[in-house]
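See below for the structure under consideration.
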Amino acid sequence: MARSSKGSGIYTPPSLAVSNISRDPLSPEARSALMKRVRIRDTNPEQIVRRILHGLRLRFTVTGPSNRNLPSRPDIVLPRWRTVMLVHGCFWHRHHGCRLTTTPSNRAEFWQAKFAANVARDAAQHQKLRALGWRVITVWECETRDPVSLARKLDRMFSPHPRTKLCRKSKCT
Ligand SMILES: [Zn+2]
């Protein structure tokens with residue numbers, strides 16, 4: 001007698017077939033195509049991050065309710081991952097130990113005060129977001145200069161079984 005046409009006999013309930021937040025991993029070809037597009041077309045750090053997220057099939061919003069309602073109205077929100085991504089310029093947001101984090105010699109006091117205010121504002125924003133249960137990922141401008149590494153890092157952070165443990169302190173990277 002021929003095999004039953006009802007398939008392999010393994011039944012997967014529709015509700016369990018696809019996890020809510022699962023996504024297809026990128027093939028090596030798709031990933032390298034993504035890298036090419038990122039390199040050629042974008043110079044703005046935030047555009048680079050957005051394009052990487054697109055390529056990794058991570059849905060984000062830029063004008064959604066979360067963007068409008070969260071503290072300091074973040075530009076990139078991934079509601080399904082309850083994650084806010086902040087793209088920071090190294091100079092203005094004082095990326096610690098970064099060569100882009102220079103300090104003008106002119107009017108040193110003015111700059112120090114300005115930088116201190118920026119850093120304090122960032123820390124307060126992170127704290128508020130975390131208190132609301134959001135994961136905060138800071139992407140630094142200098143990281144966007146190497147989109148391949150950045151894409152790998154973000155891919156790991158959003159993989160179903162992340163290998164990268166996220167720092168929950170205010171000085172995370
Ligand atoms: Zn930097």
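The values are calculated or read from the model by the stated rules, or taken from the named source; none is laboratory data. Treat the numbers as computed from the prediction; the structure is a model and nothing was measured. As a convention, Cβ positions derive from the backbone with ideal geometry for all residues, glycine included, and neighbour counts pool all protein chains shown.
Do any helices (runs of 4 or more DSSP H) lying entirely in segment 20-85 carry at least 2 residues that are among the hydrophobic types (A, V, I, L, M, F, W, C) and modelled with pLDDT of 90 or more, and which ones are they?
On the way: elements: 28-41, 45-55, 65-69.
Output list reads 45-55.
Collect the residues in segment 139-157 that are within 13 Å of Arg51 (Cα to Cα) and either in contact with a Pro (Cβ under 7 Å, 6 or more places away or on another chain) or of a type in the set (Val, Ile, Thr) (or both), keeping them in residue-number order.
The answer is Thr144, Val148.
Filter segment 81-122 down to residues that are of a type in the set (D, E, K, R) and in contact with a Phe, Trp or Tyr (Cβ under 9 Å, 6 or more places away or on another chain) and give me whichever is nearest to the ligand (Cβ to nearest atom). Spell out the reasoning first.
Filtering segment 81-122 down to residues of a type in the set (D, E, K, R) leaves 82, 94, 99, 107, 109, 114, 121-122.
Subsequent filtering for residues that are in contact with a Phe, Trp or Tyr (Cβ under 9 Å, 6 or more places away or on another chain) retains 82, 94, 114.
Values: Arg82: 26, Arg94: 9, Lys114: 18 Å.
Checked segment 81-122; the qualifying residue nearest to the ligand (Cβ to nearest atom) is Arg94.
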